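K.L.:
Could you have a look at this structure, given as structure tokens, before my questions?
Every read-out reported here was derived from the displayed coordinates using simple, explicitly stated rules and does not represent laboratory data. Note that the structure is predicted; figures quoted are calculated from it, not measured. In this analysis, Cβ positions are derived from the backbone assuming ideal geometry, glycine residues included, and neighbour counts consider all displayed protein chains.
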Amino acid sequence: MKRALLVLSLLALVSCGGQPAATEAPSSDPAATAEPAASAPLEKRKTLPLDYAAYRTAANAALKQQKSKLVLPENIELAAVPDEPGTRKVVHHYPEGLDVVAETDADGNMLNLRVIWHSDTEPKKAKQLSAAAAVLLAATAPEDRTLAKDTAYQIERAVSAHNQGREPTAVFSRGGVAYKVTVTNLPSVVLTAQPE
């Protein structure tokens, strides 16, 4: 119970920067997905080179190829983010030890992605979750055949640096997308993708 509360608290802080956390909104609740009225025209924000539906499809294909039982459900709609007109968010929590947070603009184009991997003491499970986290992040560029492997390497590098008391962050970029892997003290590994 305490771990679940800790995970939810971490997710809320990481995903929202201290703002109230949005959660998965069922597709049958139109009030949960209503956009707040904007008082001024919205600036065009940089987006990742794919929309959420394409990301979900690529992520599910990569997870299936990896023989993971994890799936990003198709029946979950993104919910409006209060205080951020035009921004929609979805949070997928997997009790196995992963969280996926995606934010999009009003058109469904991805603004950023966060994957939070909660490390496990069992080496086999930890390796499976780390690999799943890598493919979930790499699904932001499904045409890049080496991004998942490179992301897994960056995770290992960041964890090793954390264990040695060095800077536990790895930053790299591909195709106009900035990727970041950070080991926290909980211990969790936070992976992010956002436009450069």
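K.L.:
May I ask you to sort THR140, THR169 by Cβ crowding, counting other Cβ atoms within 10 Å and putting the fewest first?
P.N.:
Least crowded to most crowded, the residues run THR169, THR140.
K.L.:
Then there's this: Past 20 Å, Cα to Cα: identify those pairs from LYS44/LYS180; LYS149/LYS180; LYS124/LYS149; LYS46/LYS89; LYS64/LYS180; LYS64/LYS89, in the order given.
P.N.:
LYS44/LYS180; LYS64/LYS180; LYS64/LYS89, as the Cα separations exceed 20 Å there.
K.L.:
On a full-extension model of 0.36 nm per residue, what is the gain between LYS69 and SER173, subtracting their alpha-carbon distance, rounded to one decimal in nm?
P.N.:
Computed gain between LYS69 and SER173 is 34.6 nm.
K.L.:
Looking at the stretch 66-148, which GluC sites (Glu not before Pro) are DSSP coil and have at most 16 other C-beta atoms within 10 Å of their C-beta?
P.N.:
Sites meeting the loop and neighbour criteria: GLU74, GLU96, GLU143.
K.L.:
Given a Förster distance of 35 angstrom, what is the FRET efficiency for GLU143 paired with ARG166, based on the Cβ-Cβ distance and rounded to 0.05?
P.N.:
Taking R0 as 35 Å, the efficiency between GLU143 and ARG166 is 0.60.
K.L.:
Still on this structure, I have one more. If I model a spin label at ILE76 and LYS44 as a point 7 Å from the Cα along the Cα→Cβ vector, what separation in nanometres do I get?
P.N.:
3.1
K.L.:
Which of rounded, prolate or oblate describes the stretch 46-195 when judged by the alpha-carbon gyration tensor and an a/c cut-off of 1.5?
P.N.:
prolate
K.L.:
Quick check: net charge around ALA132, other residues with Cβ under 15 Å of its Cβ, Lys/Arg +1 and Asp/Glu -1?
P.N.:
+4
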